[in-house]
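Rule-based calculations on the coordinates, nothing more; no lab input. Please read these numbers as outputs of a predicted model, since none were measured by experiment. Note that each Cβ is placed from the backbone with ideal geometry, even for glycine, and that neighbours are counted across all protein chains shown.
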């Protein structure tokens, strides 16, 4: 399992071209959209190649896997996000490793993360995850009211900073259904910005390799790409 710099650079160039076209279709500036490289299940050599191509924003799904691959890189200019579910018993490690946890969906998890961040004397960015696809296999808030109530409580935690929302689109080939899910999150995001003008709500994380163009058209400013950059994880 390996990838060389030339192949990765070609993949990255292609992804950026697709991002730019989707942004153009939506009347947006592609420069306003961040690309996060997802390295779950991939060896550290893939991270090295992505860094050599100039990427600094990375995402991992599991805390312990991220720790094994990124612990030595946390002070090297990399920005690491947790994009998978965070269990409370992993909050201590997460507090020392990640720049942002994108997957907060319970107050108790946020409180645990806040406690460990306090012990470390640091502030951490978080996103609130919403289950727009309403699929039982996915994590995230399932009720808008519950998300809003939890956001209100998290704003009182001194060591966490709510920066926006995240979702995983429906696993389907129905582009209209995917678009509706992303449009729903964008509407919620705007609602939170209106409700909390004092917060730095500036991140709408949605869209992966199979649906990032739709996400961009619906307002995403952070997309999470794995396969289109690194190739199939089964290859």
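Things worth noting here:
- Spherically averaged projected area of the chain from its Cα convex hull (nm²): 12.4
- Calculated FRET efficiency for the pair residue 172/residue 99, C-beta based, R₀ 22 Å, to 0.05: 0.10
- Cα-based shape type of region 1-92, given that a ≥ b ≥ c are square roots of the gyration tensor eigenvalues and the cut on a/c is 1.5: oblate
- Sequence ranges 113-125, 179-191, ranked by mean other-Cβ count within 10 angstrom, highest first: 179-191, 113-125
- Residue separation of residue 26 and residue 210 scaled by 0.36 nm, minus their Cα-Cα distance, works out to 64.4 nm of gained length.
- As a proxy for reagent exposure, 151, 100 were ordered by neighbouring Cβ count within 10 angstrom, fewest first; the result is 151, 100.
- Each of the peptides 15-21, 217-223 was scored by the mean count of other Cβ atoms within 10 Å over its residues; in descending order, highest first, they stand as 217-223, 15-21.
- Length-normalised contact order of the chain in % [C-alpha pairs under 8 Å, at least 6 apart]: 20
- Kirkwood analysis of region 106-235, using all unique Cα-Cα pairs, places the hydrodynamic radius at 15.6 Å.
- Computed packing ranks the peptides 200-209, 45-54 as 200-209, 45-54, most packed first, by mean other Cβ atoms within 10 Å.
- With the cut-off at under 19 Å, measuring from each backbone N in region 155-177 to a point 7 Å along the Cα-to-Cβ line of residue 122 picks out 157-164.
- With the cut-off at under 12 Å, measuring from each backbone N in region 29-46 to a point 7 Å along the Cα-to-Cβ line of residue 72 picks out 44-45.
- Rounded to the nearest 500, the 222 nm mean residue ellipticity of the chain from helices alone is -13000 deg cm²/dmol, with -39,500 (n - 2.57) taken per DSSP H run of at least 4 residues.
- With a cut-off of 12 Å on the backbone N, the residues of region 12-46 near the modelled label site 7 Å out from residue 79 along Cα-Cβ are 32-37.
- Treating r as the C-beta distance of residue 51 and residue 200 and R0 as 30 Å, the FRET efficiency rounds to 0.65.
- Computed extension gain for residue 180 through residue 7, at 0.36 nm per residue and net of the alpha carbon distance, reaches 58.9 nm.
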